[in-house]
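The values are calculated or read from the model by the stated rules, or taken from the named source; none is laboratory data. A quick note: this is a predicted structure, and the numbers were derived from the prediction, not measured. Here Cβ is always computed from backbone atoms with ideal geometry, including for glycine, and neighbour counts include all displayed protein chains. Quick note on the areas: whole protein, heavy atoms, side chains included, nothing else; ligands and nucleic acids left out. Shrake-Rupley method; radii C 1.70, N 1.55, O 1.52, S 1.80 Å.
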Amino acid sequence: MAQEIERKFLVKDDSWRSPNPGLLYRQGYLTRQPDLAIRVRLGGDRAWLTLKGATVGVSRLEYEYSIPLGEAQEMLDNLCETPIIEKRRYQVMYEGLTWEIDEFFGENQGLIVAEVELEAEEQAFTPPPWLGMEVSDDPRYYNANLVNYPYSQWDESKG
């Protein structure tokens, strides 16, 4: 069984940035239900189909499979809900953990979040100095929900 344990936070400043250009991702959803999301993701010269179960706490089932690049592009263009999620992902090491920082574009321009995958829900970690408020429990920040309710449509109190 593949289980993802992930915590998500807002990023409060740019002190995490480095010359690393990150990797541009385009992702879309074939289906989004409360207990299942099926995502197509293109990143660089690779593509994946991912199935994610319902989030319980900060855990959920996740299965990810490599797929041909051309097929992923066709799915994004013809089968996925819009808007397509566009983001640049940066990987930042801090205190032995890899943080993935997503800077969103398009309809979600201005949103920057940091995620860390853990071995256990109760795993302790040292928060990086650029880490802001935790949003793991706020469904607005789920990538799948940014399709129907993009960040650009939120009111002034965006977190």
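On the protein heavy atoms, probe 1.4 angstrom, tell me the percent of accessible surface of the chain carried by carbon and sulfur. Each step should come with its number before you reach the end.
Values: 4260 of 8590 Å².
Summing carbon and sulfur atoms, their accessible area is 50 percent of the total for the chain.
Report the per residue volume, in Å³, of the convex hull enclosing the C-alpha atoms of the chain.
On the way: hull volume 19.0 nm³, N = 159.
Roughly 119 Å³ of hull volume per residue.
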| request: For helix 69-78, report the angle its Cα long axis makes with the longest principal axis of the Cα atoms of the chain; keep it between 0 and 90° and round to the nearest 10°. | output: 80 degrees
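So for D13, D138, what's the accessible-area order with a 1.4 Å probe, most first?
D13, D138
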| Prolate/oblate/rounded label for region 1-88 (Cα gyration tensor, a/c 1.5) | oblate
| Three principal axis extents, largest first, for the C-alpha atoms of region 61-122, in Å? | 41, 29, 19
| request: For region 12-25, just list the computed ³J(HN,Hα) in residue order, Karplus coefficients 6.51, -1.76 and 1.60, θ = phi - 60°, integers in Hz, with x standing in for Gly and Pro. | output: 8, 7, 9, 5, 7, 5, 9, x, 4, x, x, 10, 7, 10
| note | Over the chain, the sum of -39500 (n - 2.57) across DSSP H runs of at least four, divided by residue number and rounded to 500 deg cm²/dmol, gives at 222 nm -2000 deg cm²/dmol
| remark: Listed residues K87, K12, K52; largest mean-square fluctuation, Gaussian network over the chain with Cα springs below 10 Å, found at K12
| remark: Dipole check, the chain, charges on Cβ (K,R +1; D,E -1), about Cα centroid: among V58, M93, L24 the Cα furthest to the positive pole belongs to L24
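With +1 on each Lys and Arg Cβ and -1 on each Asp and Glu Cβ, how big is the dipole of the chain about its Cα centre, in debye rounded to the nearest 20? Don't skip to the end; give the middle numbers.
Values: 16 positive and 28 negative charges, 59 e Å.
That gives a dipole near 280 debye.
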| What ³J(HN,Hα) values, in whole Hz, does the Karplus curve 6.51 cos²θ - 1.76 cosθ + 1.60 give for region 4-10 when θ = phi - 60°, with x put for Gly and Pro? | 9, 10, 9, 10, 10, 9, 6
| query | Which residues' amide hydrogens lie under 5 Å from the amide hydrogen of Y94, considering only partners 5 or more residues apart or on another chain, with H built in the peptide plane? | reply | W99
| remark: Treating only Lys and Arg (+1) and Asp and Glu (-1) as charged, each at its beta carbon, one finds that region 1-64 has a dipole about its Cα centre, in Debye to the nearest 20, of 140 debye
